[in-house]
Structures are given as structure tokens and as C-alpha cells.
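**Q** Structure incoming, see below.
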Amino acid sequence: MPDGRVEAFAHIARSAPHRAGDKAPDLEPVQDFLRRFGYLPEDGYTPGMLDAETSTALAAYQARNAVPVTGDFDESTAQAMTTARCGLPDLDDGVAFSTRCNWNGRGLTYAFDTGSTDIAGSAEFQAIRQALRTWTAATQIVFTEVGTNQNPDIRIGWRPANDPDHSMVGGVLAHADFPPDCGIITNNLPKPVHFDDSEHTWSIGAAAGAFDVETVSLHELGHILGLQHTSVNGAVMFPSVSSNFTLRVLQPDDRSGAESLYPRPPKVTSWGANRLDIFGLGTDRAMYHKAWTGNAWAPSPLDWERLGGVFT
Ligand SMILES: [Zn+2]
Ligand SMILES: [Zn+2]
């Protein structure tokens, strides 16, 4: 809804640059942001001061968000922090993709509830179905649409910013949750995929001041599958996104994360009588082979023969 559109994290936009040791009240919204997204603990730092803990948190934020690492609250950090983003925290301080846990089965159900008031008809649901197909291609997980009264695994819809299960007030566009064994929003089904319909404008495709539904839903569905935020700028699982922009294709970092959670089953054939030859793609993207030769596994029960190559 254009009337209610907010500047992302407007309090931070008004904070002046600060260096380690500075004391200033306008550091508090910066510290609130760092706490909200998993960089600062609930306590153990001095509010309104760029103390050692805050500086460490700023450095971690910068490293994960493609900002030069200074440990100060500087111009480029303020710019990154005032970009609209996902509501889930950046939980892991590793590099590149990181994963949390997977679903046990390869079939999930989903249901739509309320659509966006910004989009006519049900084009937003069509965009989400397309994002689901993109993840199916990478994970072999089959998503089946059901009614909201049919106990869906995932429930998808647009909400007010003050969403009861996870506030999206401020610059947060949307949120989801992780699979049942590692959720941070709820331990129950259905798992949420919620979009903020009061503070942001939604679009199908790139449009000035609006966010592409397929782009944002592709990211949120990655969380549903167990992927956390990545530090690779340009990947779907990067935590922030621009308006007037589309990213509807999984990047190599996203695909690596998906395949680590949902490995492709090996292919099997037979090169001769009484033998089985099994092929699998390694995490190094090379092809591997092993065989049952009639009385033993070759090269050994646990080892694979590396055939090489690079498959993408
Ligand atoms: Zn996210
Ligand atoms: Zn929610």
C-alpha cells in the first residue's frame, strides 16, 4: 500500500557516523538493529556507546553484508542497514551458504490465505507457485497446494506489519521459519511465510518503489527448506534486497546449500552381469562412481571412485 510505505529502518538513517568509543543516543537504534538480527546478545553491551561488543557486532554485520569491515558505524554500514530485508536473523557467522536442518520427507503441502492488496487477482500466488517450482528443481521436493483447512505444512499470506508471530515493523519485508526440527518462530505446523502488506508495495516484476513477489518468496521459501542467510552478495539467500529488482534464479551458492540439505540420489545402472554401477555428484561437483561387482563393493564399501568433471 503506497500510502503506508516506510523508509527501511528510518531511525538508523538518522544516526550520525560513529567510531569505537563514541557515546551517543543515536547509537541505540543501531544496537537495536544488531540485536534484532542476531549480532548482539540481549545484554552485555552498553546502550548508546560504541563499545567493544558493539564494534565486534558491527564487524560481523559488515563481513556478512558485503560492507568493508571497520567495526565502526560508518556511511556504507548505514546504507546497508537501511535496505529493506528479511525478518529472520543472520544466525550463523560462517561464510557463504549455511544450513540449519532439513525436512525428512520429499513431499510438502502448502496453502495460501490472504493475498496482497497491491496486486489484482491472484497473480501473487502464481508468482509464489513459480518460486516453489524453482526450489523443486534444486531439491526434488514436491510441493502440493491444499486448502487452509487441510493441515498444510506451510501457510503463505500477507499480514499487517505488527504480525503476531514475528513483528515486521520497520524495514522488514517478510519472514518465514525453518523446518520443524530447527524452527525459531514456532514448533508447530503450518510453518509461516508472511509478507508485510502495510509498509511495503508489492509487484509482479520490477517496479519503482515496489518489491517483486517471486524474488522475495524465493528467499523466504529457502528458509522453509532449511537455508539460513548467506554472506554472498547477489545470492537469493542474502538477507537484504532492493526495490525495483528481480532475482528469480538460484545462484551457485543457493544451489550448493540446497544440495547439502537435499542430496541428489545416486543413479544406478549395470555395466555387466551380476553387477551394479552407481553414480553420484560430489559436493565438489565432480562425478563419482562405485560398483557392486557380484561379491564386493569397489573401490570399497565406503569409498567412491572420482571420475572428475565439473557439473553445475
Ligand atoms: Zn531471510
Ligand atoms: Zn508471521
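**Q** Determine the pairs where a residue that is without any contact (Cβ under 8 Å) to a residue 12 or more places away in the chain, located within segment 292-303, has a partner that is surrounded by 14 or more Cβ atoms within 10 Å (Cβ to Cβ) and part of a loop (DSSP other than H, G, I, E, B) with Cβ atoms under 8 Å apart, the partner being 6 or more residues away or on another chain.
**A** none
**Q** So Lys290 clears everything in (1) surrounded by 15 or more Cβ atoms within 10 Å (Cβ to Cβ); (2) in a loop (DSSP other than H, G, I, E, B) except one condition, right? Which one?
**A** Unmet condition: (2).
**Q** Does Trp271 count as over 30 Å from Pro179 (Cβ atoms) and surrounded by 11 or more Cβ atoms within 10 Å (Cβ to Cβ)?
**A** When the stated conditions are applied, Trp271 does not pass them.
**Q** Somewhere in segment 22-34, is a residue among the hydrophobic types (A, V, I, L, M, F, W, C) and within 16 Å of ligand 1 (Cβ to nearest atom)?
**A** Yes, the conditions are met somewhere in segment 22-34.
**Q** Being within 16 Å of ligand 2 (Cβ to nearest atom) and either small (Gly, Ala, Ser) or out of contact with any helix residue (DSSP H, G or I) (no Cβ under 8 Å at 6 or more places or on another chain) (or both) is the filter here, so list the residues in segment 40-96 that pass it.
**A** Arg85, Gly87
**Q** Starting from segment 272-284, take each residue that is more than 14 Å from Gly308 (Cβ to Cβ) and list its partners that are of a type in the set (A, V, I, L, M), counting only C-beta distances under 6 angstrom and pairs at least six apart or across chains.
**A** Listed by first residue and then by second, the contacts come to Arg275/Ala291; Leu276/Val268; Asp277/Ala291; Ile278/Val268.
**Q** Could you check, for segment 81-99, whether at least one of its residues is touching a Cys at 6+ places or on another chain (Cβ under 7 Å) and surrounded by fewer than 18 Cβ atoms within 10 Å (Cβ to Cβ)?
**A** For segment 81-99, residues touching a Cys at 6+ places or on another chain (Cβ under 7 Å) and surrounded by fewer than 18 Cβ atoms within 10 Å (Cβ to Cβ): absent.
**Q** So is Ile141 more than 21 Å from Arg64 (Cα to Cα), within 16 Å of ligand 1 (Cβ to nearest atom), assigned by TED's automatic domain parsing to the domain that holds Pro252 and touching a residue at least 24 places away in the same chain (Cβ under 8 Å) or not?
**A** For Ile141, the condition - more than 21 Å from Arg64 (Cα to Cα), within 16 Å of ligand 1 (Cβ to nearest atom), assigned by TED's automatic domain parsing to the domain that holds Pro252 and touching a residue at least 24 places away in the same chain (Cβ under 8 Å) - is not met.
**Q** Surrounded by 15 or more Cβ atoms within 10 Å (Cβ to Cβ) and more than 13 Å from the chain's Cα centre (by Cα): is that true of Gly280 in this structure?
**A** The answer is yes for Gly280.
**Q** Moving on to the next point. Being more than 16 Å from ligand 2 (Cβ to nearest atom) and more than 8 Å from the chain's Cα centre (by Cα) is the filter; apply it to segment 219-233 and report the residue that is modelled with the lowest pLDDT.
**A** That would be Ser231.
**Q** Out of the residues in segment 166-201 meeting the condition of being buried (at least 21 other Cβ atoms within 10 Å of the Cβ) and β-branched (Val, Ile, Thr), tell me which one is nearest to Gly38 (Cα to Cα).
**A** Among those that are buried (at least 21 other Cβ atoms within 10 Å of the Cβ) and β-branched (Val, Ile, Thr), it is Val172.
**Q** Tell me which of these Gly48 doesn't satisfy, since it passes every other one: (1) without any contact (Cβ under 8 Å) to a residue 24 or more places away in the chain; (2) at positive phi; (3) not β-branched (Val, Ile, Thr).
**A** (1)
The values are calculated or read from the model by the stated rules, or taken from the named source; none is laboratory data. Bear in mind the structure is a predicted one, so any value in this text is a computation, not a measurement. Note that we place each Cβ from the backbone using ideal geometry, even for glycine, and neighbour counts take in every protein chain shown.
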